[in-house]
1. Relative contact order for chain A: what is it in percent, counting Cα pairs under 8 Å that are at least 6 residues apart?
2. Which distances, shortest first and in nm, link residue B:183 to the matching position in the other copies, using label points set 7 Å out along Cα to C-beta?
3. Along its principal axes, what span do the Cα atoms of segment B:2-118 show, with the longest given first and each in whole Å?
4. Once Rh is set to the Kirkwood radius over Cα pairs, what Stokes-Einstein translational diffusion coefficient, in µm²/s, holds for chain A at a temperature of 37 °C and a viscosity of 0.692 mPa s?
5. Given H placed 1.01 Å from N in the peptide plane, which residues other than close sequence neighbours of residue B:188 have an amide H under 5 Å from its amide H?
6. For segment A:123-283, give the magnitude of the charge dipole about the Cα centre (Cβ charges: +1 Lys/Arg, -1 Asp/Glu; no others), in debye to the nearest 20.
7. Using alpha carbons only, how many angstrom separate the centre of segment B:71-139 from the centre of segment B:170-209?
8. In 10 Å bins starting at 0, how do the alpha-carbon pair distances of segment A:1-70 split up by percent?
2 protein chains.
Amino acid sequence: MIYVLEPFGGSARRHNPALPHLYFDDAAVTRGDGVFETLLVREGRAVKMDRHLDRFTASARAMGLPDVDTRQWERATAEAAAEWSATNGDAEARCTWTYSHGRASSGLPTAWVIVQGLSPETCELRERGVKVVTTTRGYTLTDTPEWFPGGAKTLSYAHTAAALRWAREQGAEDVLFLESPEGKVLEGATSSVIVVKPGRKLRTPPSGSGVLAGTTQAAIFELAEARGWRCRTRELTYEDLFEAESVWLVSSTRMAVRVRRLDGRKLPGGPLDDEVRELVDAALS
Amino acid sequence: MIYVLEPFGGSARRHNPALPHLYFDDAAVTRGDGVFETLLVREGRAVKMDRHLDRFTASARAMGLPDVDTRQWERATAEAAAEWSATNGDAEARCTWTYSHGRASSGLPTAWVIVQGLSPETCELRERGVKVVTTTRGYTLTDTPEWFPGGAKTLSYAHTAAALRWAREQGAEDVLFLESPEGKVLEGATSSVIVVKPGRKLRTPPSGSGVLAGTTQAAIFELAEARGWRCRTRELTYEDLFEAESVWLVSSTRMAVRVRRLDGRKLPGGPLDDEVRELVDAALS
């Protein structure tokens, strides 16, 4: 399902996904100049909508886009998710919001909502975990110029895509970015890192410097705290990953996938793996 | 004019630019995961095609795309440029090549050639020069992971677009990236820097570390050498810009625009400005 939004209000237009809808001069196409969010759809509705709307709003602002009309995105998302479940029942789905600077010829933003089925790989990795290789990003954030869209989830993922291709060439399914070789842990290609330490402790690296604030990580920590886990945002080192009970990559649609191999070394499962899975399932509902 | 190419040969399909041609799941749209080139069209043909093909081929390789079929791009470009001049005579135009990882649903690359008129701003800036503000990129390249597509001209320009918006907010038309505040000179948003020094000398910073190898810069240096200028690739400092006879941003369609104001300070024109313009004009033919 695709719903194309008018950027300044008005009704959403249902678009046939078998037909193209983007023009050659859209900033999303020519420069990756826009922002997005990916949400999980369960039982016909997008979960944790508020957290995604908050980040989407912040991303748009950082990228100089007109303010997000949250009502409009909520409405279009509800409509697309309902239509999805009318055809597919309770099957989970992936919802993507995209908001770009639009066509050079019009100067108006482009905005659309997609709901599509999860890939078979997503479901498979949730079950069996992922093999991960680490790499640096190839750069270090230094000073922050005032225009720098630091916390924005932009459409410019070419480098991340290249890192993922490299990971696949080595038989892995994901990358984990480190600040320096075998140094501080940052994040996955499209996920946050959570480690489980003995004594029902959860740790995740602080967002801000090369780490995007994770909506899924935040939802998990919130529920875990309420259930008596001790959750902390702390720097993590490469060694911490090997000493943890278990290491997880968390994101909206893959939810939590356990890292079962890191740079070729096996990471064993922890005693609380089932509890973690149940926690994440409950946090994303 | 839009010509859509089949990635593995076959004929180009002429596409009506008033209709969209990109799908929601194209890697160019969702992740800026592709490469591009911009060429100048003069008198019905794209100039310096070989230099652009070389860089395009290298970009594609760095981004893990199937090898560029250079004959196919040449042919489609010639066709589109000829069609342009059939309608628009000798008016100059901008040709863009785009080559992305394509639709997630097909796994096949997407490739297309566009020829469109120059913007009025392009022509205006060529005449009167540009006001420029400097900024860092907000990061420093450090180690280079093996997957890093360093010299690739990718579609992921969100940060550059944000820097340009910031420049415009300050009444400038372009940014010049420096390695550190008032530090080493890198490049413009979409251009290389050339400075003219007394004694018919041209200088440009070395490509490689945060500086894309410039096709226009290379063409200018080649002709300038033949005409007796002394051309060197050397590190340039912020101070060098104020001490030069003149400072230029060079790129395919804007050609050479003189920097007439830098961070609010006026940069006077040099005694050889007319000769530089004539040199650039001849180099791009």
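1. 19 percent.
2. 1.4
3. Sorted from largest, the Cα extents of segment B:2-118 read 40, 31, 25 Å.
4. The diffusion coefficient I find is 166 µm²/s.
5. Those qualifying (amide H under 5 Å, at least 5 residues apart or on another chain) are B:177, B:193.
6. Once rounded to the nearest 20, the dipole reads 240 debye.
7. Segment B:71-139 and segment B:170-209 have Cα centres spaced 23 Å from each other.
8. The calculated distribution, bin by bin, is 17, 42, 38, 3.
Readers should treat all values here as calculations from the given coordinates under stated rules, not as data from a laboratory. Keep in mind the model is a prediction, meaning the values are calculated, not measured. Heads up, the Cβs are rebuilt from the backbone with ideal geometry, glycines too, and the neighbour counts pull from every protein chain shown.
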